[in-house]
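One structure is given here, and the rest of the page talks about it.
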Amino acid sequence: MSKVPRNFKLLEELEKGEKGLGAESISYGLSSQDDISMTYWNGTILGPPHSTHENRIYSLTIVCGEEYPTKPPEVKFISKINLPCVDEQGNVVPSAFDTLKNWKRTYTMETILLELRKSMASSANKKLVQPPEGSTY
């Protein structure tokens, strides 16, 4: 099976993100339209209902390095959040987040954002006390 080159995969993700073809609870796109290497991305997660995250909007940065999609991107929350897989600086810790720990080439930024949202809604995390709304790292 042939591997899709990095830029083709990122162009596919960009098109899907810009057209809003994915899940309505998340969004993502390039940080700057001038980023021809398609390295720096922004992501947004709408807090899941029936959790302490409800009615909150979480902003993230995603950095797709040269080895993406073979290696996972770096994911960091801009909005402060209390989740076991997020460190004190807002970084999503790969060893604490299964999607990054068990990364597959077929995964996308959408996969990551949806899995983070699922983690927010999990019974173990949905009642965690959260930092004040609007606070950032």
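What to note about this one:
- Annotation: of all residues in the range 79-95 being touching a residue at least 40 places away in the same chain (Cβ under 8 Å), in contact with a Phe, Trp or Tyr (Cβ under 7 Å, 6 or more places away or on another chain) and assigned to a loop (DSSP other than H, G, I, E, B), the one that is nearest to GLN130 (Cα to Cα) is ILE81.
- Scanning the range 2-11 for residues that are more than 22 Å from ARG117 (Cα to Cα) and either surrounded by 14 or more Cβ atoms within 10 Å (Cβ to Cβ) or touching a residue at least 12 places away in the same chain (Cβ under 8 Å) (or both) yields LYS3, VAL4, ARG6, ASN7, LYS9, LEU11.
- Of all the criteria given as (1) among the charged types (D, E, K, R); (2) over 28 Å from VAL4 (Cα atoms); (3) touching a residue at least 60 places away in the same chain (Cβ under 8 Å); (4) buried (at least 16 other Cβ atoms within 10 Å of the Cβ), the one not satisfied by LYS127 is (4).
Matching residues to (1) in contact with a Ser or Thr (Cβ under 7 Å, 6 or more places away or on another chain); (2) not in a helix (DSSP H, G or I):
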| residue | (1), (2) |
| --- | --- |
| THR52 | no, yes |
| SER59 | yes, yes |
| ILE62 | no, yes |
| PRO69 | no, yes |
| VAL75 | no, yes |
| THR111 | yes, no |
| LEU114 | no, no |
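- Here ILE62, ILE81, ILE26 are screened, and the one residue that is out of contact with any helix residue (DSSP H, G or I) (no Cβ under 7 Å at 6 or more places or on another chain) and at negative phi is ILE81.
- Residue that is surrounded by the most Cβ atoms within 10 Å (Cβ to Cβ), among those in the range 59-91 that are of a type in the set (Lys, Arg) and within 15 Å of ILE112 (Cβ to Cβ): LYS76
- Filtering the range 21-58 to residues that are among the polar types (S, T, N, Q), surrounded by 13 or more Cβ atoms within 10 Å (Cβ to Cβ) and in contact with a strand residue (DSSP E or B) (Cβ under 8 Å, 6 or more places away or on another chain) leaves SER25, SER27, SER31, THR39, ASN42, THR44.
- Meets criteria (more than 11 Å from the chain's Cα centre (by Cα), at pLDDT below 95 and not in a strand (DSSP E or B)) for GLY134: yes
- Test: residue in the range 120-128 that is under 15 Å from the mean Cα position of the chain (by Cα), of a type in the set (S, T, N, Q) and at pLDDT 95 or above: no
Condition check ((1) hydrophobic (A, V, I, L, M, F, W, C); (2) out of contact with any Lys or Arg (no Cβ under 9 Å at 6 or more places or on another chain)) across all residues:
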{"residue": "ASN7", "(1), (2)": "no, yes"}
{"residue": "LEU21", "(1), (2)": "yes, yes"}
{"residue": "GLU24", "(1), (2)": "no, yes"}
{"residue": "GLN33", "(1), (2)": "no, yes"}
{"residue": "ASN42", "(1), (2)": "no, yes"}
{"residue": "THR52", "(1), (2)": "no, no"}
{"residue": "THR70", "(1), (2)": "no, no"}
{"residue": "ILE78", "(1), (2)": "yes, yes"}
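The values are calculated or read from the model by the stated rules, or taken from the named source; none is laboratory data. This one's a predicted model, so the numbers in the text were calculated from it and none came from an experiment. FYI the Cβ positions are ideal-geometry reconstructions off the backbone, even for glycines, and counts take in every protein chain you see.
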